């Protein structure tokens with residue numbers, strides 16, 4: 001930690017958005033560093049069993065793809081700082097990044113701390129993550145072609161996942177704890193038109209069953225107080241996503257869910273501060289879109305720095 005150094009750019013987070021930004025920043029000749037509480041880069045990608053939709057690199061595990069990102073950054077000489085970011089304050093046209101190991105100062109900042117999927121918190125969920133338990137249907141759905149799967153949730157994301165999976169799976173169970181869905185009417189109509197989708201109402205997943213891979217789910221039916229089992233090969237959890245933006249509350253504009261409001265330039269409501277990846281309010285959150293955000297954010301940061309020089 002060099003508290004007296006002033007960086008051109010500090011990148012907070014070392015997932016795909018942060019790593020993409022780091023590579024573009026170094027190539028642009030910026031004095032930059034990546035700050036993350038974990039010494040291992042990758043973010044949520046590390047929890048992905050197999051990535052089959054990243055251009056040119058099919059079939060890699062999430063860990064392998066993360067390793068490649070980090071190796072690329074290391075080859076270019078990216079500086080990494082292991083520290084837990086706790087907040088940001090503006091001081092004399094500079095930004096002080098407050099961490100558990102002291103303050104860092106930068107002229108511009110890219111917020112790329114990502115988001116995490118809300119978990120069910122039931123037995124078997126953590127143990128079988130990546131072995132049948134998934135939080136991204138578009139990422140992992142292809143691995144369950146012609147299989148039987150369950151989707152847990154009742155909002156837009158859950159219904160969209162069920163519709164998507166119905167196109168490739170033999171059978172899809174949509175498990176919802178209430179007696180009606182929260183999803184948009186248009187999505188519900190589409191879902192109900194699909195013959196291979198069965199909605200299990202008023203039910204909660206109490207356990208995900210299996211040893212080395214998912215074999216089924218244990219259900220509790222709220223109205224009858226009965227337990228039952230459904231045999232499935234995969235469980236897709238879609239009960240919400242939580243952006244890691246607590247440290248930035250009140251510093252930049254966010255929506256009601258805590259996502260940072262920023263357009264395709266990644267510029268936030270505060271000059272010199274940019275948001276990239278899953279913490280940015282946008283319709284699609286994938287590895288490829290996060291990496292693209294990182295590149296766009298660096299381009300915007302460069303333009304901002306250039307205006308300050310003139």
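The values are calculated or read from the model by the stated rules, or taken from the named source; none is laboratory data. Computed from a prediction, not measured in an experiment: that's the story for all the values here. All Cβ positions, glycine included, derive from the backbone under ideal geometry; neighbour counts span all protein chains shown.
Things worth noting here:
- Set side by side, the residues 90, 71 differ, and just one is assigned by TED's automatic domain parsing to the domain that holds residue 297 and over 21 Å from residue 44 (Cα atoms), which is 90.
- When the stretch 203-222 is filtered for residues that are free of Cβ contacts under 8 Å to residues at least 40 places away in the same chain and out of contact with any strand residue (DSSP E or B) (no Cβ under 6 Å at 6 or more places or on another chain), only 211 remains.
- In the set (1) farther than 25 Å from residue 126 by Cβ; (2) without any contact (Cβ under 8 Å) to a residue 40 or more places away in the chain; (3) under 15 Å from the mean Cα position of the chain (by Cα), the condition left unmet by residue 12 is number (2).
- Test: residue in the stretch 251-260 that is free of Cβ contacts under 8 Å to residues at least 60 places away in the same chain, outside the structural domain of residue 18 (by TED's automatic domain parsing) and over 21 Å from residue 105 (Cα atoms): no
- Single residue of 181, 165 found to be in the same structural domain as residue 123 (by TED's automatic domain parsing), under 18 Å from residue 136 (Cα atoms), buried (at least 19 other Cβ atoms within 10 Å of the Cβ) and touching a residue at least 12 places away in the same chain (Cβ under 8 Å): 165
- Residues satisfying the criterion are present in the stretch 85-101 (criterion: touching a helix residue (DSSP H, G or I) at 6+ places or on another chain (Cβ under 8 Å) and crowded, with 20+ Cβ neighbours inside 10 Å).
- Filter result for residue 234 (on the phi > 0 side of the Ramachandran plot and buried (at least 21 other Cβ atoms within 10 Å of the Cβ)): no
- Hits in the stretch 123-136 (condition: touching a helix residue (DSSP H, G or I) at 6+ places or on another chain (Cβ under 7 Å) and closer than 19 Å to residue 230 by Cα): 129, 134
- On the stretch given as the stretch 39-75, residues that are out of contact with any helix residue (DSSP H, G or I) (no Cβ under 9 Å at 6 or more places or on another chain), at pLDDT 90 or above and surrounded by fewer than 16 Cβ atoms within 10 Å (Cβ to Cβ) total 7.
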